[in-house]
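The values are calculated or read from the model by the stated rules, or taken from the named source; none is laboratory data. Everything numeric in this text was worked out from a predicted model, so none of it was measured. For neighbour counting, all protein chains shown are included, and Cβ atoms are generated from backbone atoms with ideal geometry for every residue, glycine included.
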Amino acid sequence: MNKYSFIALSTLVTLASAAQAQSVSGTVKKIDEAQGKITIDHGPIKNLDMEAMSMVFRAADTAMLKGLKAGDKIKFDADRVNGQIAVTKLQKAK
Ligand SMILES: [Cu+2]
């Protein structure tokens, strides 16, 4: 499987599993690529019944943390995955 079909497949899987999730705006506070964790100062997350706050999320895929740094503005989806709140989808905001 080449890189591009992997991305296309990942996107399809993400769209299917995160149909209820809504894109949330946030600012990256800290990236811990080794632990697969990201600290985000985020706005309200309706599907998790969460107010705006700064907190640590697990990344569903550590690859999504590559190229990110503190201060980056992002749009992301968060959901419960195996009992843990995880970022299921992430993109840099323009
Ligand atoms: Cu939160």
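Which residues, taken from the stretch 28-47, are within 13 Å of the ligand (Cβ to nearest atom) and either modelled with pLDDT of 95 or more or in contact with a helix residue (DSSP H, G or I) (Cβ under 8 Å, 6 or more places away or on another chain) (or both)?
K29, I38, T39, I40, D41, H42, G43, P44, I45
Check K94 against each of (1) modelled with pLDDT under 90; (2) surrounded by 15 or more Cβ atoms within 10 Å (Cβ to Cβ); (3) not acidic (D, E) and name the one condition it does not meet.
(2)
For the stretch 21-40, what are the residues that are closer than 15 Å to I85 by Cα and either part of a loop (DSSP other than H, G, I, E, B) or over 12 Å from the mean Cα position of the chain (by Cα) (or both)?
A21, Q22, S23, Q35, G36, listed by residue number.
Looking at this structure, is K75 away from the ligand (no atom under 15 Å from the Cβ), in contact with a strand residue (DSSP E or B) (Cβ under 7 Å, 6 or more places away or on another chain), closer than 15 Å to Q22 by Cβ and in contact (Cβ under 8 Å) with a residue 60 or more places away in the chain?
no
Here's a check for you: in the stretch 12-27, which residue that is closer than 18 Å to A93 by Cβ and among the aliphatic types (A, V, I, L, M) is modelled with the highest pLDDT?
V24
Just to check your reading of the model, which residue among A70, A78 is of a type in the set (G, A, S) and surrounded by 20 or more Cβ atoms within 10 Å (Cβ to Cβ)?
None of the other options fit; the residue is A78.
If I ask for residues that are without any contact (Cβ under 8 Å) to a residue 12 or more places away in the chain and exposed (fewer than 12 other Cβ atoms within 10 Å of the Cβ), which ones from the stretch 36-66 would you list?
D49, E51
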